[in-house]
Amino acid sequence: MTGERCVEVLRSGVLSTVQDLGRPGHAHLGVPRSGALDLPAHRLANRLVGNPPGAATIETTVTGVSVRLGRAGTVAVTGAWAPVTVDGRPASWSAPVSVPAGARVDVATARRGLRSYLAFSGGIAVPAVLGSRSTDLLSGLGPAPLAVGDRLPLGEVLGPPAPVDVAPTGTLAEEVTLRVLLGPRADWFTDDAVRILDRESYRVSTLSNRIGVRLEGPALPRRIGGELRSEGVVLGAVQVPAAGTPVIFLADHPTMGGYPVIGVLHPADLPLVAQAAPGKPIRFQVVEPRPLRSQVLSPGS
Amino acid sequence: MRIIPVGLRALLVEVTEPAHTAALVAQLHGWRDRGELVGVEEVVPGELTVLVDGLDDPAELAGRLAGWQPGAARPPDGPLVEVPVRYDGADLAEVARLWDVAEEEVGRIHGAPEYRVAFCGFAPGFGYLTGLPERYHLPRRAVPRTRVPAGSVALAGGYAGIYPRDSPGGWQLLGSTDLVLFDPDRDPVALLTPGTRVRFRNVDANLDAENVDVRDVDRRDADVRDVGRRDADRQDVDVRDVDRRDVAG
């Protein structure tokens with residue numbers, strides 16, 4: 001394959017997928033938004049190799065990925081911190097790395113965080129589905145998760161790599177605190193539930209995925225029993241299924257939900273969830289949403 | 001009507017009648033098409049709600065909606081989709097029993113109304129169809145199937161639906177269609193979008209279809225059992241379901 005504008009997957013890791021900015025705009029058809037879970041890391045990886053932010057990258061999970069480049073190019077690894085090597089020689093993380101044709105790029109197991117992003121100059125150019133190349137694990141749209149032997153075409157290089165040695169990135173704290181804006185269904189829960197959410201600590205369950213992060217910890221008692229009529233759900237929704245422990249909806253989340261959503265994460269905190277590995281302690285900081293001046297109960301409601 | 005903030009950039013608008021969701025969606029599309037909903041990414045009808053996501057200024061929209069009346073914007077009739085059905089579903093006998101009719105009657109009852117897609121969810125292209133008279137509403141199966149084949153024509157709660165692809169599911173299966181409901185490489189990708197009208201046509205029926213007397217069909221009363229609305233809800237939401245197909249991560 002040397003000479004071809006593509007990358008070959010040599011080791012897929014537990015779960016590596018192609019991701020870009022996702023396919024928002026189709027939720028009314030039941031199509032999840034999908035897309036990179038740690039969007040700032042995805043955008044940074046693209047910027048480092050000279051791609052526009054919408055170019056597709058590889059999103060890894062815990063154990064990284066190994067690929068071989070057909071042609072010489074630039075790569076960058078961002079997100080979860082992991083050792084990077086090119087043909088066995090250490091290379092920089094969160095920096096543009098020049099890779100000769102035929103060289104092997106290894107992203108090892110993440111030492112901090114959960115999901116690394118591997119960008120290639122030109123971007124991964126698998127066919128787009130509904131405007132996106134993202135793998136959607138809920139509905140099966142987009143390319144299948146990567147498997148050994150897959151060959152992914154690369155697009156044309158559009159710009160030069162970023163003129164930086166190493167891009168500054170935030171550090172990941174031992175315990176993650178997530179701001180949660182109450183609503184739309186906080187009134188289905190007791191005052192105690194809101195206090196519990198604000199004060200208690202949770203842990204990321206191993207039953208978490210790109211669809212949602214399941215938490216272990218105290219249950220949130222309901223004030224209103226019964227069932228909610230199916231309603232649209234947003235990215236970052238903190239939904240409380242029958243068992244009472246919350247689930248945070250990530251990019252591949254179902255478009256509709258029938259369990260009440262007690263609150264929604266501040267969008268700036270979504271990357272923290274994307275990088276929270278199973279066992280990671282999670283705290284919530286409850287924020288009252290700004291009141292809508294015009295909240296109105298019309299006659300008959 | 002109640003307007004509830006959802007995070008920083010979305011609103012959930014609750015209406016009092018299921019029919020009002022279509023009127024509200026039509027109004028929102030009108031504003032969006034005139035460039036008056038800046039940033040909006042999604043307008044998603046639910047059973048009694050419309051979610052508007054991706055708003056630059058949710059408070060501004062909330063103010064505008066405060067004076068909105070459902071009667072003011074009658075939703076246009078959506079396109080009509082005819083669905084050819086073979087009434088050969090695995091639950092045909094059970095549905096006939098629940099309705100207290102002969103098996104041959106099930107297709108006539110199911111095919112009599114004109115349905116409307118109230119909202120979509122569960123899977124790309126899965127529409128929740130309203131229009132079946134209440135006396136024919138059915139609970140979900142007590143034990144969901146792990147695999148329902150694509151094209152299965154089904155009922156649960158107050159809704160009719162068609163599975164766009166193989167998936168787990170707990171709805172009662174009446175029959176099957178060859179119609180491809182969702183194809184990302186086709187335009188339109190989804191046949192059943194909110195507002196679309198739907199008719200089912202029995203492909204096995206003889207040419208004497210005109211002899212079917214709908215009144216006759218409707219007169220047969222299946223007693224109104226617990227229609228199990230809540231079960232219908234379970235259909236699309238449970239992340240536990242989702243976990244089964246999953247990979248650690």
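For the reader, a short list of remarks on this structure follows.
- For the pair A:ARG229 and A:ALA128, a Förster radius of 41 Å applied to the C-beta separation gives a FRET efficiency near 0.75, rounded to the nearest 0.05.
- Less than 5 angstrom separates the built amide H of A:ALA56 from those of A:ILE124, all sequence-distant by 5 or more or on a different chain.
- Taking region A:15-53 and a reference point 7 angstrom along Cα→Cβ of B:HIS29, the backbone N atoms nearer than 20 Å belong to A:24-32.
- Region A:199-301: trypsin sites (Lys or Arg not before Pro) in DSSP loop, at most 13 other beta carbons within 10 Å: A:ARG223, A:ARG293
- Of A:PRO241, A:PRO168, A:PRO221, the one that fluctuates the most in a GNM where chain A has Cα springs shorter than 10 Å: A:PRO168
- Top of A:VAL240, A:VAL67, A:VAL148 by mean-square fluctuation, Gaussian network on chain A, Cα under 10 Å: A:VAL148
- Environment charge at B:LEU174 (Cβ cut-off 11 Å; Lys +1, Arg +1, Asp -1, Glu -1): -3
- Binned Cα-Cα distances of chain A, short to long, each 20 Å bin given as a whole percent: 34, 51, 14, 1
- Helical content alone sets the calculated 222 nm signal of chain A at -2500 deg cm²/dmol, taking -39,500 (n - 2.57) per DSSP H segment of four or more residues and averaging over every residue.
- For region A:75-148 versus region A:13-39, the inter-centroid distance based on Cα atoms is 16 Å.
- Peptide A:19-32 is shielded by partner chain Cβ atoms: per residue, an average of 6 of them sit within 10 Å of its Cβ.
- Note on the protein assembly as shown: percent of Cα-Cα distances in each 10 Å bin, starting at 0 and stopping at the bin with the largest distance, equals 4, 18, 25, 24, 18, 8, 3, 0, 0.
- A crude spin-label estimate for the pair A:ARG290 and A:GLU175, with each label 7 Å from Cα along the Cβ direction, gives 3.1 nm.
- Estimated D of region A:6-153 in µm² per second, where Rh is the Kirkwood radius over Cα pairs and Stokes-Einstein applies at 4 °C, 1.567 mPa s: 88
- Neighbour net charge for A:ASP150 - beta-carbon separation under 13 angstrom, K R +1, D E -1: +2
- Take B:TYR159: with every protein chain present and a 1.4 Å probe, its accessible area is about 30 Å².
- Centre separation in Å (Cα based) which lies between region B:133-205 and region B:39-86: 23
- With all protein chains modelled, accessible area of A:ASP198 [1.4 Å, Å²]: 60
- The convex hull defined by the C-alpha atoms of region B:85-181 has an orientation-averaged projected area of 5.5 nm².
- Top of A:GLN285, A:GLN19, A:GLN275 by mean-square fluctuation, Gaussian network on chain A, Cα under 10 Å: A:GLN285
- A simple rule links phi to the HN-Hα coupling: the Karplus curve 6.51 cos²θ - 1.76 cosθ + 1.60 with θ = phi - 60°, which for region B:191-203 gives 6, 9, 10, x, x, 5, 8, 9, 10, 9, 10, 6, 6 Hz, with x for Gly and Pro.
- Accessible area buried by the pairing of B and A, both sides summed with a 1.4 Å probe, works out to roughly 5000 Å².
- What the Cα convex hull of region A:176-287 gives, in volume per residue, is 83 Å³.
- Net charge, B:VAL189 excluded, C-beta distance under 12 Å - Lys, Arg +1, Asp, Glu -1: -1
- All Cα-Cα separations within region B:1-152 were binned at 5 Å from zero, giving a P(r) of 2, 8, 14, 17, 16, 11, 10, 9, 7, 4, 1, 0, each value a whole percent of the pairs.
- Acute angle (nearest 10 degrees) that the helix A:39-49 long axis makes with the longest principal axis of chain A, alpha-carbon atoms: 20
The values are calculated or read from the model by the stated rules, or taken from the named source; none is laboratory data. Please read these numbers as outputs of a predicted model, since none were measured by experiment. All Cβ positions, even for glycine, are placed from backbone atoms using ideal geometry, and neighbour counts span all protein chains on display. Note: areas computed on protein heavy atoms with side chains; ligands, DNA, RNA excluded. Shrake-Rupley method; radii C 1.70, N 1.55, O 1.52, S 1.80 Å.
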